[in-house]
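Enquirer: First the structure, which I've put down as structure tokens, then a few questions once you've had a look.
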Amino acid sequence: MEEDKGRVNIFEDTMAHMTYVQVEEAAREGAIVLFPVGVIEEHGPHLPLAVDVYGSYLRSRAVKSELQKRGIKSLIAPPFYWGINVATGSFGGSFTCREETVISVLSDGMASLKSWGFDQVFFINHHMDGGHMKALDKAIRTARSEIGIGAYLVIDSFFLKGLGMRADEPHLLVHESLFPSGPPSPYLNIHAEGYETSFMWHYFPELVNLEVLRTLKPTNLAFKDLLIWGKGGMEARKITPQGYFGDPAMASPERGRKEIEAYGRAAAGIIEAFLQSHYRPPKNSDI
Ligand SMILES: [Zn+2]
């Protein structure tokens, strides 16, 4: 264990490293809570299963630090990772839970926060599987009505349409899309590709297998492939035999740092606007 001394872990800078005294004091001060949500899921032959957990954790830390600059106190809940994996479910290591399990655990987490005096919780999610999103959405809606907590999902406008969500729903905080603009490419970058490989490379280089990364070719898959992939099973596995969807070679550590920081600014920006009562959702017709 000696070699693990000082290494970053996903409790660092979260509530899990605070004392109860600090937690109670933060609740009295009106701190908001950021709730990182990911899954344990295969991420190709070059990345570990926990990429989405690290992604939601890094995003939450970036948001917390941006909020701090704006004078807003926030705490990060312990990262959640027992979500739903359909697309990659046929690969070893892609743990998947029943919808009711996800809803129960998240609801109980929110009920606990509420009982300690926290009134507002913002979910920072890093996993866009349709079934997972449905469970997260239901958990937030249910907690709002049954627990009476102000729960919100922070989401990139790019995903709303595909998930059948409306931008003006009261539990959604929609930020501008961070996906690169420009002429649409026929090939999609979806999973364990340039984006995910980049932030892992920058923040957790010891967890990226660079030797394998150098051998990976782009998958050159299009939207029609995504529809089949999303349904999971062996058909999905045939489409992405190595478990990634996109071009991992587009990755660089610098890109990883920039994209996590950009997320922090975008998400903190809408949370700040919301807390100051001037958040306006984009028009459904604009996204
Ligand atoms: Zn992922």
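Enquirer: Find the relative contact order for the chain and round it to a whole percent, using C-alpha pairs within less than 8 Å whose residues are 6+ positions apart.
Expert: 22
Enquirer: Let me ask you something else. Where nothing but the Cβ of Lys and Arg (+1) and of Asp and Glu (-1) is charged, how large is the charge dipole of the range 181-287 around its Cα centre, in debye to the nearest 20?
Expert: Charge dipole of the range 181-287: 280 debye, to the nearest 20.
Enquirer: Accessible area per residue, 1.4 Å probe, Å², for the range 159-225: what's the number?
Expert: Roughly 58 Å² per residue, with all protein chains present.
Enquirer: Considering only DSSP beta bridges where both residues belong to the chain, give the percentage that are antiparallel (nearest 5).
Expert: Taking every DSSP beta bridge within the chain, about 10 percent pair in antiparallel fashion.
Enquirer: OK, next. What number comes out for accessible area per residue over the range 102-153 if the probe is 1.4 Å? Units Å², please.
Expert: 36
Enquirer: Determine by what factor the alpha-carbon radius of gyration of the chain differs from 2.2 N^0.38 Å, reporting the quotient.
Expert: 0.98
Enquirer: Related question: To the nearest Å, what is the center-to-center distance of the range 170-234 and the range 96-131, using C-alpha atoms only?
Expert: Answer, in whole Å: 25.
Enquirer: Continuing with the same structure: Restricting to the range 1-133, compute how many DSSP beta bridges are antiparallel as a %, nearest 5.
Expert: Of the beta bridges lying entirely in the range 1-133, close to 10 percent run antiparallel.
Enquirer: Tell me, Kirkwood radius of the range 1-103 from alpha-carbon pair distances, in Å?
Expert: Hydrodynamic radius (Kirkwood, Cα only) of the range 1-103 equals 15.4 Å.
Enquirer: While we're looking at this one, here's another question. How high is the relative contact order of the range 1-137, given as a whole-number percent (alpha carbon pairs under 8 Å, six or more residues apart)?
Expert: 32
Enquirer: Let me ask you something else. With viscosity set to 0.890 mPa s at 25 °C, what whole-number translational diffusion coefficient in µm²/s follows for the range 120-268 from Stokes-Einstein and a Kirkwood radius over Cα pairs?
Expert: Approximately 144 µm²/s, per Stokes-Einstein.
Enquirer: Continuing with this model, one more query. When the gyration tensor of the range 63-177 is built from Cα positions, what are the square roots of 5 times its three eigenvalues, in whole Å, from largest to smallest?
Expert: The three semi-axes for the range 63-177 are 23, 18, 15 Å.
Enquirer: Expressed as a whole percent, how much of the Cα-Cα distance distribution for the range 144-225 exceeds 17 Å?
Expert: 65
Enquirer: With no solvent and one point on each alpha carbon, what is the Debye value of log10 I(q)/I(0) for the range 189-266 at q = 0.11, 0.21 Å⁻¹?
Expert: -0.32, -0.92
The values are calculated or read from the model by the stated rules, or taken from the named source; none is laboratory data. This one's a predicted model, so the numbers in the text were calculated from it and none came from an experiment. In this analysis, Cβ positions are derived from the backbone assuming ideal geometry, glycine residues included, and neighbour counts consider all displayed protein chains. Areas reflect the complete protein model, heavy atoms only, side chains present, ligands, DNA and RNA absent. Shrake-Rupley method; radii C 1.70, N 1.55, O 1.52, S 1.80 Å.
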